[in-house]
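Colleague: I have a structure I would like to understand better, so I am pasting it below and will then ask my questions one at a time.
Every read-out reported here was derived from the displayed coordinates using simple, explicitly stated rules and does not represent laboratory data. What you see is a predicted model, and the numbers here were worked out from it, not measured in a lab. No Cβ is skipped: glycine too gets one built from the backbone with ideal geometry, and neighbour counts run over all protein chains shown.
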Amino acid sequence: MNAAIGFGLILFFALGVPIAISIVLASIIGIEFFTNMPLLLVPQQMFVGIDNFPLMAIPFFILAGNLMAAGGISRRLVDLAKSVVGGLQGGLAMTCVLTCMMFAAVSGSSIATTFAIGSILIPAMVKHGYPRPLAASIQASSAELGVLIPPSIPLILYGVSTDTSIGKLFIAGIGPGLLIGVALLLFLYVFCKLRGYGQRDHEDRSSFLVAFRRAWGALLMPVVVIGGIYGGVFTPTEASAVAVVYALVVGGGMYRELTMAELWPIFRASVISTAAVMLIIAAAALFSFLITRSGLPREVAAWVTEVFNSPISFLLAVNVMLLIVGMFVETSAAILVLAPIFTPIAVYYGIDPVHFGLIVVVNLALGMFTPPLGVNLFAACAVAKLSIDQLLPWLMRFVLVVLSCLIAITYMPWISLGLVNLLYGN
């Protein structure tokens with residue numbers, strides 16, 4: 001059955017069938033022709049997969065991100081970031097990274113970050129003399145911070161699929177997110193100095209106090225959400241609903257840029273995004289049920305523990321595999337299918353599941369801006385009106401920067417677990 005499902009997946013992917021439909025069709029083929037189980041299992045297991053209370057956080061965080069993007073938040077965050085680093089050569093490129101770090105703490109989505117920030121900063125960078133492919137590459141690589149800095153939808157999915165504390169995962173994402181953000185900032189500063197880009201970036205720059213006064217409402221959102229979770233005021237799922245209310249208050253009441261007429265398109269876009277994610281979750285739940293029933297996870301665990309005799313070699317193998325998977329498979333599906341298989345093996349090797357979760361998510365985040373199927377790459381190209389092949393010569397520099405950070409995150413657990421141990425104890 002496993003071979004039939006695997007062949008079916010490859011065939012449907014090659015034919016361009018959407019990933020959720022590919023998983024369901026391959027699973028149906030496996031059930032119908034290679035087992036005695038009834039097809040009634042298909043809707044049953046798909047429903048079981050989404051009948052999980054923590055998953056309620058996903059539609060609310062998606063809606064909150066869309067509300068904040070439409071409510072004038074992204075422009076204010078850009079102005080604030082520019083007031084901090086805009087005086088440096090290359091400051092506009094660094095503004096892109098810094099804004100993505102702040103917007104990530106609002107939206108939890110890398111694609112939302114790409115469109116909301118890229119639509120402002122890619123044209124601005126081009127106007128200031130940056131090559132258009134470089135501007136798009138900066139945006140695509142910076143937007144991956146949206147899935148690391150909490151709140152993060154991929155971290156929620158990892159927590160649900162492996163029964164790991166979502167609160168701990170959120171805290172653990174801060175260290176890797178800051179590491180990658182700072183690494184990109186330092187690289188861009190040196191790169192722009194050497195290449196002579198961004199010498200006029202100080203133009204049209206507001207003072208920090210003025211920019212902060214305009215953006216403080218947006219900056220308070222992650223404080224309210226994350227602070228409420230760790231203060232015991234509400235759970236991560238309840239925090240997502242609080243984020244929606246806060247986004248409505250800030251965008252509509254404080255900034256007065258969110259009107260009633262705009263709410264329907266925002267709700268519609270949020271429903272479509274949620275439906276796409278939930279369909280993938282449901283399909284992955286069916287797939288996970290079948291491979292668990294077939295005994296594949298036990299076979300993989302036995303093989304891995306026999307071949308890799310140390311945590312170091314195991315993590316190296318997992319990184320290589322996840323990097324390849326991330327280039328071809330949608331992040332949500334990859335997490336839901338692979339995390340339940342490899343997390344127990346990681347625990348066997350003495351690796352903390354929270355730390356392993358960050359390794360998984362950083363790997364797949366890297367796949368978001370690498371060809372051939374990086375979603376951030378497509379989004380940045382759409383904003384910049386470029387083809388992917390035009391970005392590749394520029395993009396590889398940023399891939400190497402993030403890859404270096406991934407190695408550090410993998411083999412230095414304290415980057416992920418330092419804050420977790422401080423707040424929760426060892």
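Colleague: Using only Cα atoms, what is the ratio of the radius of gyration of segment 111-252 to 2.2 N^0.38 Å?
Modeller: 1.22
Colleague: Still on this model: How much mean residue ellipticity at 222 nm does the chain get from its helices, if each DSSP H run of length 4 or more adds -39500 (n - 2.57) and you divide by all residues, to the nearest 500 deg cm²/dmol?
Modeller: Details: 20 runs with 331 residues, N = 426.
Helix-only estimate at 222 nm: -26000 deg cm²/dmol.
Colleague: Would you mind computing, in nm to one decimal, how far apart the modelled labels at VAL17 and ARG298 are, each placed 7 Å from Cα along Cα→Cβ?
Modeller: 3.0
Colleague: Beyond 20 Å, what share of the Cα-Cα pairs of segment 33-101 is found? Please give it as a whole percent.
Modeller: That tail contains 59 percent of the Cα-Cα pairs.
Colleague: Need the C-alpha centroid separation for segment 230-289 versus segment 163-204, integer Å.
Modeller: 26
Colleague: Quick one: Karplus J couplings for segment 31-36, per residue in order, coefficients 6.51, -1.76, 1.60, θ = phi - 60°, nearest Hz, x for Gly and Pro?
Modeller: Each residue's phi maps through the Karplus curve to give 5, 5, 9, 10, 9, 9 Hz.
Colleague: Here's something else I'd like to know. In Å³ and rounded to a whole number, note down the convex hull volume per residue for the Cα atoms of segment 370-426. Intermediate values should be presented prior to the final figure.
Modeller: On the way: hull volume 6.3 nm³, N = 57.
So the per-residue hull volume is 111 Å³.
Colleague: Return one number: the angle in degrees, 0 to 90 and rounded to the nearest 10, between the long axis of the Cα atoms of helix 388-411 and the longest principal axis of the Cα atoms of the chain.
Modeller: On a 0 to 90 degree scale, this one is about 70.
Colleague: Kirkwood hydrodynamic radius, segment 1-135, all distinct C-alpha pairs: what's the number in Å? Don't skip to the end; give the middle numbers.
Modeller: Numbers: mean 1/r = 0.0543 Å⁻¹.
Evaluated on segment 1-135, it is 18.4 Å.
Colleague: Over the chain, what portion of Cα pair distances is larger than 29 Å, expressed as a whole percent? Walk me through the intermediate numbers first.
Modeller: Details: 41033 of 90525 pairs.
The calculated P(r) of the chain puts 45 percent of pairs beyond 29 Å.
Colleague: Another question about this same structure. Where does helix 375-384 land angle-wise versus the long Cα axis of the chain, in degrees 0 to 90, nearest 10?
Modeller: 30
Colleague: Could you work out the percent of alpha carbon pairs in segment 176-268 separated by over 22 Å, rounded to a whole number?
Modeller: Considering segment 176-268, 57 percent of its Cα-Cα pairs are separated by more than 22 Å.
Colleague: Can you tell me the alpha carbon radius of gyration of segment 297-386 divided by the globular rule-of-thumb value 2.2 N^0.38 Å? Walk me through the numbers on the way to the answer.
Modeller: On the way: Rg = 14.8 Å, N = 90, 2.2 N^0.38 = 12.2 Å.
Here the answer is 1.21, to two decimals.
Colleague: Whose amide H sits under 5 Å from the amide H of LEU386, counting only residues 5 or more places off or on another chain, with H placed in the peptide plane?
Modeller: none
Colleague: Give me the angle, in degrees from 0 to 90, between the Cα long axis of helix 110-127 and the longest principal axis of the Cα atoms of the chain, rounded to the nearest 10.
Modeller: So the inclination is approximately 30 degrees.
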